[in-house]
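Enquirer: My questions will all concern the structure given below.
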């Protein structure tokens, strides 16, 4: 996992993803209502996205006082862990784990959990560089999520499967 700028030429799929994100941001911005600071932070995030700079967009969202800036960003881009530096990916996952543990924004976070499992399955358990603390928080959040009340039983099954796969991949180090 490296900064996008260090990866050389951007793949066509990534370019299309950023383009589609930008197209959806225009409508997202028009429906925003909230404090001036959120609009300012969101505008800054959008500017980075327009430049194709996912790393800076996520760093800006993580620094924002308003957690909805990060949530709007993860919903707009979808999971993009492979495009973020190890530190930013770790910070994003740590933040999402805390939200997940608090049972907040779960539907927005589940695709990111799935990407962690997918990347770890394909590239090995150490592909996503997480501190032991972040890994424990992340795994604990998933384990806790199994006990959440879901309106849809398929969501509970999905979380259970993710937890089982991570347990197999990460073993007792979690």
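The values are calculated or read from the model by the stated rules, or taken from the named source; none is laboratory data. Please read all numbers here as calculations on a predicted model, not as lab measurements. All Cβ positions, glycine included, derive from the backbone under ideal geometry; neighbour counts span all protein chains shown.
Enquirer: Checking the condition within 17 Å of residue 75 (Cβ to Cβ) and free of Cβ contacts under 8 Å to residues at least 60 places away in the same chain, which residue from 106, 134 passes?
Expert: Numbers: 134 fails: within 17 Å of residue 75 (Cβ to Cβ).
Selected residue: 106, the only one of 106, 134 that is within 17 Å of residue 75 (Cβ to Cβ) and free of Cβ contacts under 8 Å to residues at least 60 places away in the same chain.
Enquirer: Tell me which residues, restricted to the range 144-162, are in contact with a helix residue (DSSP H, G or I) (Cβ under 6 Å, 6 or more places away or on another chain) and not in a loop (DSSP other than H, G, I, E, B).
Expert: First, the residues of the range 144-162 that are in contact with a helix residue (DSSP H, G or I) (Cβ under 6 Å, 6 or more places away or on another chain): 144-146, 150, 159, 162.
Those that are in contact with a helix residue (DSSP H, G or I) (Cβ under 6 Å, 6 or more places away or on another chain) and not in a loop (DSSP other than H, G, I, E, B): 144, 145, 159, 162.
Enquirer: Which of the numbered conditions does residue 99 fail, given that it passes all the others? Conditions: (1) assigned by TED's automatic domain parsing to the domain that holds residue 163; (2) modelled with pLDDT of 95 or more.
Expert: Single failed check for residue 99: (2).
Enquirer: Filter the range 54-100 down to the residues that are surrounded by fewer than 18 Cβ atoms within 10 Å (Cβ to Cβ), without any contact (Cβ under 8 Å) to a residue 60 or more places away in the chain and not in a helix (DSSP H, G or I) and list them by number.
Expert: Those that are surrounded by fewer than 18 Cβ atoms within 10 Å (Cβ to Cβ), without any contact (Cβ under 8 Å) to a residue 60 or more places away in the chain and not in a helix (DSSP H, G or I): 65, 66.
Enquirer: Report, by residue number, each residue of the range 119-135 that is outside any loop (DSSP other than H, G, I, E, B) and either out of contact with any helix residue (DSSP H, G or I) (no Cβ under 9 Å at 6 or more places or on another chain) or exposed (fewer than 13 other Cβ atoms within 10 Å of the Cβ) (or both).
Expert: In the first step, residues of the range 119-135 are kept if they are outside any loop (DSSP other than H, G, I, E, B); the result is 119-123, 132-135.
Once the filter is applied, which keeps residues that are outside any loop (DSSP other than H, G, I, E, B) and either out of contact with any helix residue (DSSP H, G or I) (no Cβ under 9 Å at 6 or more places or on another chain) or exposed (fewer than 13 other Cβ atoms within 10 Å of the Cβ) (or both), the range 119-135 yields 122, 123, 132, 133.
Enquirer: Would you be able to say whether some residue in the range 15-35 is under 21 Å from residue 119 (Cα atoms), at pLDDT 95 or above, surrounded by 19 or more Cβ atoms within 10 Å (Cβ to Cβ) and not assigned by TED's automatic domain parsing to the domain that holds residue 109?
Expert: no
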